[in-house]
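Colleague: I have a structure here, written as structure tokens, and I will follow up with some questions on it.
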Amino acid sequence: MGGAFLRLGLISFGGPVAHLGYFRREFVERRRWIGDPAYADLVALCQFLPGPASSQVVFALGMRRAGLAGALLGSLCFMLPSAVAMILFGYGVASIGDIGQAGWLHGLKLAAVAVVARAVWGMGLVLCPDWPRRILAIAAAATVLFLPGTLSQVGAIAACAAIGWRGLRGAAAPGNASPGGLTRGHAWAAASLLLFGLLLAALPVLARVTGDRTVAVFDGFYRAGSLVFGGGHVVLPLLRSEVVAPGWISIDKFLAGYGAAQAIPGPLFTFAGFLGTVIHSGPDAWKGGVLALFAIFLPGWLLVGGAYPFWHLIRIRDWAQAALRGANAAVVGILVAALYRPVCTEGVRDARDAVAAVAAIVLLGRLRTPPWAVVALMAALGQWILR
């Protein structure tokens, strides 16, 4: 199991939305570990919770497959490649300068367009089979496009869930979404939620009382991981206020690390590994990187570990099934909006880019080309042809 998540950590370019496309292709289409409806339920739950959405989906997939051990193994394997890369950046690669205009990076953005488009199409066929749900998906997409922000995403899911609860009862059941043994262990789940709250409240007090910088760093990254919805890009303002304002890292190094983080696969939250390494400096600076990584991912693990068992217990109710039909339609709509902005608007600059993106979609869909091969091809096209 760890090998599957490690491979995804090596090829998952494009940010949280693209990651969901990679996960769907690997675990819904290829390995058939989970069905589309259950996968959409899981995505909807992680959209509701604060933290790195795609990394939380990894944690939940691992938990569903092999319990807590599977959740931790999957999470560690998925983040390992980018975490190691960002810690190495912290030791000196950040000095290479701005890579935001690199041709190969542009090619990776086009690969992300193809991955997200495939995810939207596949999930739409399964989760929006009738016009009521298609209309909900269109409404959710319009809401997110015209009112950008995390609150509009959460609001769209909540509104569509409410509409589904009122109007989608009696529709076809979304299939078997068995929790895979997760209906047990509610005491541990409740303890996980309690620990999340205690750490969020106690760490700032502990940092102030002790005056210890290590505690302060852990507190800053833990709060950043606890208070952000949607994904890695949203956490940047929080991280900037936590590490630049106290003088722990210069704004130039912060931006250099952010530019590097966009060029590697895996979760953008591993940017914390770079920051922790730079903050602590010296031969053992990697320990600071590991500490920052643990602190920023811990809230998401605690929240998903605590909420997922209860989520599956609730969702078997008829009213919950109806609400989830609406919520799942909203998830499709949100992915449609994300496909347009920022995936297409940032990746597709002209007609040549559009043709390349369509070709990548054909390679992934009709020709069943492995994602890593499409990623490599698009990076090469971006570097040598589409500049």
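The values are calculated or read from the model by the stated rules, or taken from the named source; none is laboratory data. This one's a predicted model, so the numbers in the text were calculated from it and none came from an experiment. Note: ideal-geometry Cβ built from the backbone for every residue, glycine included; neighbour counts use all protein chains shown.
Colleague: Residues in segment 236-256 that are assigned to a helix (DSSP H, G or I), small (Gly, Ala, Ser) and at pLDDT 75 or above: how many?
Modeller: Applying the first criterion (assigned to a helix (DSSP H, G or I)) to segment 236-256 yields 236-243, 251-256.
Within this subset, residues satisfying the condition of being small (Gly, Ala, Ser) are 241, 256.
Next, from what is left, pick out any that are at pLDDT 75 or above: 241.
Total meeting the criteria: 1.
Colleague: May I pose another question? Of all residues in segment 156-173 being aliphatic (A, V, I, L, M) and within 18 Å of Leu45 (Cα to Cα), which is modelled with the lowest pLDDT? Working first, answer last.
Modeller: To start, the set of residues in segment 156-173 that are aliphatic (A, V, I, L, M) comprises 156-159, 161-163, 168, 171-173.
From what's left, within 18 Å of Leu45 (Cα to Cα): 156-159, 161-163.
Details: Ala156: 87, Ile157: 83, Ala158: 86, Ala159: 93, Ala161: 88, Ala162: 94, Ile163: 95.
Once the filter is applied, the top-ranked residue is Ile157.
A quick yes/no check of all residues on (1) in contact with a Phe, Trp or Tyr (Cβ under 9 Å, 6 or more places away or on another chain); (2) modelled with pLDDT under 85:
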position: Val154; (1), (2): yes, yes
position: Pro179; (1), (2): yes, yes
position: His186; (1), (2): yes, yes
position: Leu195; (1), (2): no, no
position: Ala207; (1), (2): yes, no
position: Gly225; (1), (2): yes, no
position: Val234; (1), (2): no, yes
position: Tyr258; (1), (2): yes, yes
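Colleague: Tally up the residues in segment 335-357 that are in contact with a helix residue (DSSP H, G or I) (Cβ under 8 Å, 6 or more places away or on another chain) and part of a helix (DSSP H, G or I), please.
Modeller: Residues that pass the stated criteria total 14.
Colleague: With Leu298, Leu268 as the choices, which residue is surrounded by 22 or more Cβ atoms within 10 Å (Cβ to Cβ), under 25 Å from Gly220 (Cα atoms) and within 20 Å of the chain's Cα centre (by Cα)?
Modeller: Numbers: Leu298 fails: surrounded by 22 or more Cβ atoms within 10 Å (Cβ to Cβ).
After ruling out the rest, the residue left standing is Leu268.
Colleague: For segment 347-367, how many residues meet the condition of being closer than 17 Å to Tyr22 by Cα and over 25 Å from the mean Cα position of the chain (by Cα)?
Modeller: 2
Colleague: Continuing with this model, one more query. Which residue out of Gly3, Gly51, Gly9 is modelled with pLDDT of 85 or more and touching a Pro at 6+ places or on another chain (Cβ under 6 Å)? Before the answer, list the steps.
Modeller: Working: Gly3 fails: touching a Pro at 6+ places or on another chain (Cβ under 6 Å); Gly51 fails: modelled with pLDDT of 85 or more.
Just a single option satisfies the conditions, and that option is Gly9.
Colleague: In segment 68-96, how many are outside any helix (DSSP H, G or I) and either closer than 30 Å to Ser152 by Cβ or free of Cβ contacts under 8 Å to residues at least 40 places away in the same chain (or both)?
Modeller: Residues of segment 68-96 that are outside any helix (DSSP H, G or I), as a first pass: 91-92.
From the residues that got through so far, the ones that are either closer than 30 Å to Ser152 by Cβ or free of Cβ contacts under 8 Å to residues at least 40 places away in the same chain (or both) too are 92.
Of the residues in segment 68-96, 1 are outside any helix (DSSP H, G or I) and either closer than 30 Å to Ser152 by Cβ or free of Cβ contacts under 8 Å to residues at least 40 places away in the same chain (or both).
Colleague: While we're here: Against the condition in a helix (DSSP H, G or I), over 28 Å from Ser226 (Cα atoms) and charged (D, E, K, R), how does Arg65 come out, does it pass? Full working, then the answer.
Modeller: Numbers: in a helix (DSSP H, G or I): yes; over 28 Å from Ser226 (Cα atoms): no; charged (D, E, K, R): yes.
Judged against the criteria, Arg65 is not a match.
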